[in-house]
Each structure stands twice: as structure tokens, then as C-alpha cells.
Amino acid sequence: MPATTSAVPPATTRGGPPLPPGGTPRRTAAAPARRAVRRRRRIAAVFLFPALLLLGALVAYPIVFSVIRSMYDASGDTFVGVGNYTQMFQDPATLRAIRNSAIWVVFAPALLTGLGLVLAVLTEKIRWKTAFKLLMFMPMAISFLAAGIIFRLAYEQDPQRGVLNAVTVGIHDSFQGESTSFPTAKSRLGDKQLTKRPDGGYRTARRTEPGQVVNLGLVGVAPKDMPHGARPAAGAAGASAGHGELRGVVYLDFTPGGGGKPGTVDRGERGLPKLTVEAVDSRGKVAGTATTAADGSYRLTGLAPGSYALQLPAKDFAPPYEGIAWLGPALITPAIIGAYMWIWTGFALVLIGAGLSSMPRDVLEAARMDGANEWQVFRRITVPLLGPVLGVVFVTMVINVMKVFDLVYIIAPGPVQQDANVLALQMWLVSFGGGNNQGLGSALGVLLLLLVVPAMALNIRRFRRSQS
């Protein structure tokens, strides 16, 4: 019978896999994998080193230096601790800058996000939406310096230069009618016929009865301010008054080229058109009103017997309507926020429009099929689904408006710059714009950093959440 052999189990390493024939252990793949990981990390460190070096030199070092510098006085030699921070919150200019920065944070991001959302929804279904978005995004290509110069000119008070006031004056004159007044007109020095009233108007010193002719002469109107349709007053000055009426001319008592007699309507002297003339009775009430014609003539009819004083009311000498004082103390901050919105609305529109394009359309169509109207779809479906995108836009705008500087510096005129002051501008003014106190300026910079960091952290958290 053949000899039987018993099966011998293969040799194994202690606690490991079976040894191959010959007893030599297999090389596992763990060691090469670890070496590959270490190699990739070294390569990544090599590529990251220049970026980390620049980040440290341009970000980390200035932050640390500013924190240290904020604890020294203006000269940088004396340690004052938190003295600059105490002074910062006791300075009225800094408190005004904090207040204006708070106004920016409250209104500008909300308005930009809302406007971007509305425009993105309205342009979603039009064929030329791409061209519209491109047009709205174009201001982003303009520097803040150029945008500030553009809006500084647009906000000019003079309607001949400021486009916004030109539009405002045009609308006002369309509804109220174009008024004619002569702000520089006045009675001749030594004239005893007209006396100036406290409200700025003029009244005759002597009273007269109906049936008389009373000519009222004024001076002080420059030739460039005379209306083009003003005609010579001499022809109407000699007309006689009828029963129960007072008449005469209101004229410029100045003869071009010299000559003429004061108080007399000479040939070549022109009338002042579209002025109001009032007849005031003995009780001080206005009994009649007339408007001067192109030659300055007026005619007050239907007057009862009695004595009257003729009056040129204050509105005849009031400055014409010149629009809104956009660059005044009351409106300077809203005006600059408007310029900021012109620049950044395109950014909000494009970002929200991208989020709107990626929304699931079946949800919107299902809501419409269930009977929801467009407002309900917008409020209950579109806005909630766009919540992450709206949050990113809002937080980004908060960070930007807290650092706004150049628009405020360029648009706000010198006399009202403090009324529009913000933290970034105050930091520059204190440090380099005449204050020469870099200790206090560094403290303002640290304050600005502390206000921006929470918004930045929230934005980073949102980005990480959207990627997970």
C-alpha cells in the first residue's frame, strides 16, 4: 500500500497572514501608501509656502502690528494701554462715524439683497435677460474713484450741472408751472415809494385810490437774468386807469447805455413779466391780485372805493426752485448709499440669478398647479429655496459696507464730510488726513477688524455648510 502523508498547514507569521512557500513574509501596500501621502504633503507644503509667506507678511503681521501700535500714543514712544480705545469712544467724530456705519449696515445690505432678488425674479423669463444682467454688472468694472466722481457731478445742486436736480426741477415745473422771480431785485437806494417788508416783499409807502396809475420801479436785475420775452415798458406806462381799477407797470428802472431819469419809465427800459401785484385794503387784506404781462403792465379791477397799498409779495423775490440738496447734511449719507447700490446691484443680481436658475422647476410648477398665485410662489417657495444664496449676498454686503471709504471721501463735500463720516474714513483722517495720531488710528482699525470678523466667520460657515 502506498504511504499516506498528512496535510501540513502552511507556516504563518505571528498574528499575521500565512507565509508563502519558502517562509518569506509578503510586503504589504501600507508602507508605499504612507510614503505617497508624505510625499504629497511635502509637495503641498512647498506650493503653500509662498502663499503662507505672503499671507503672513500682508495680513498677519499688519494685524499684530496694529494691535500693538494701538496701545501707544501718537508719537509711538509712550505706552498708553487702552487709552486710545477710551479716547475713541469719547470722540464725537468717532461716535458719528459709528452711527453712520450702523446706518450703512442696516440699510445698504438689505436694500441691495432685496433689489437683486426682485430684479432676478423679474428678468428670469425674458429673452434678453443675459444682456440686462451684463448691463447691470458693468458698474462693477468702474473703480470707486470714477464712480464717486460721476455721482459727485450727478448730485450737484445747480440744475445746469447736476442731472438729478435737472430732472427734479423739470418734474417740479411740469406740475407746479415754471415760476418767474427776481431774487436780486430791490428798490433803488433812496426810493421813498417802495418799502421792504420783513418777509422780503415790497409795499408802497403811500396809499392810492382806484382810477390811478402806479408804476413800480426796481433795480438790481442783471441783464442775463432778464427773461427773453421781456418787452419795453414805456408803451404801457402811459395808459389811463378806468373806474374801479388800479394799473401801471413793474419795470427795471435802468436804461441800458446810461442816461434816463430815476423813477421815470424811460424809453428802452423793460418791464418785469410774470410778477404778482396785490392790492391791500386798509384792513391789511388782499383785495385784488394781478400778474404782470411781458411789458410789465398789470391791471387790478373790481376794486371797491377806498384806499389801497400796492404790494409785491415775497414770492416775487424768492429764489427759483433748484431741486434737492443731495449733498446737504440731511441727505448726504442716503445719497452715497444710492451710489454704492448702483455699483453693487449687478453683483447681487448675477449671484441671485445663478441661484434662481438652479432651482428645481417641478416644485414651482406643482405649486402653480395646486392653485398658488405668483406672489404665493415667490414668498413661500422661491425665497425659502434661495435662502442660502440670499444669506451669502447679505453677509458679503455687510462686510463690504463696513469697509466703505472711497465713495464717502470723494462724494461728500468738505463742509459735510463729517456728517457722512464712517469708520474707515475716520481711521484714515485720524492717522493720515491731518490727525497724525496713528495710535488712535490703529485702535480704530482694530475696532473695524473686530466688527468685520464675525460677519466673515458667518460667511465661511455658510460656505462650508453648502459644500457638505
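None of the figures in this text is laboratory data; all of them are computed from the coordinates on show. Bear in mind the structure is a predicted one, so any value in this text is a computation, not a measurement. For neighbour counting, all protein chains shown are included, and Cβ atoms are generated from backbone atoms with ideal geometry for every residue, glycine included.
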Sort Ser66, Ser143 so the one with the fewest other Cβ atoms within 10 Å of its own Cβ comes first. Ser143, Ser66
Would you mind getting me the FRET efficiency between Arg40 and Thr130? Use the beta-carbon distance for r and R0 = 41 Å, nearest 0.05. 0.50
Let me have the 222 nm mean residue ellipticity of the chain computed from DSSP H runs of 4+ only, each contributing -39500 (n - 2.57), with the sum over all residues rounded to the nearest 500. -14500 deg cm²/dmol
On alpha carbon coordinates alone, what is the Rg over Rh value for the range 194-317, Rh being the Kirkwood radius? 0.96
For Gly288, the residues 5 or more places away or on another chain with a placed amide H closer than 5 Å to its own amide H are Ala279
Two pseudo-spin positions, 7 Å from Cα along C-beta at Met359 and at Leu153, lie apart in nanometres by 4.0 nm
If packing is taken as the mean number of other Cβ atoms within 10 Å per residue, what is the order of 288-297, 49-58, highest first? 288-297, 49-58
With 0.36 nm assigned to each residue of separation and the Cα-Cα distance removed, Val163 to Arg207 gains 11.1 nm
Multiplying the sequence separation of Thr291 and Leu449 by 0.36 nm and subtracting their Cα-Cα distance, what value in nm do you get? 50.5 nm
Spacing of the two label points (7 Å from each Cα toward its C-beta) at Ser75 and Leu54, in nm: 4.0 nm
Over the alpha carbons of the range 57-160, what is the largest minus smallest coordinate on each principal axis, giving the biggest first in Å? 65, 41, 25
For 273-286, 80-93, 434-447, ranked highest to lowest by mean beta-carbon neighbours within 10 Å, the order is 434-447, 273-286, 80-93
Listed peptides 114-121, 70-77 by packing density, highest first (mean Cβ within 10 Å): 114-121, 70-77
Within the range 180-202, name every residue whose backbone N is under 18 Å away from a label modeled 7 Å from Cα of Ala318 along the Cβ vector. 180-186, 197-202
Among the lysines, which have Cα under 17 Å from the Cα of Lys133 when same-chain residues fewer than 8 positions away are ignored? Lys125
Given a cut-off of 29 Å, name the pairs among Lys224/Lys285; Lys192/Lys285; Lys224/Lys261; Lys129/Lys403 whose C-alpha atoms lie farther apart than that in the structure shown. Lys224/Lys285; Lys129/Lys403
For the chain, Kirkwood radius (reciprocal of mean inverse C-alpha pair distance, Å): 30.7 Å
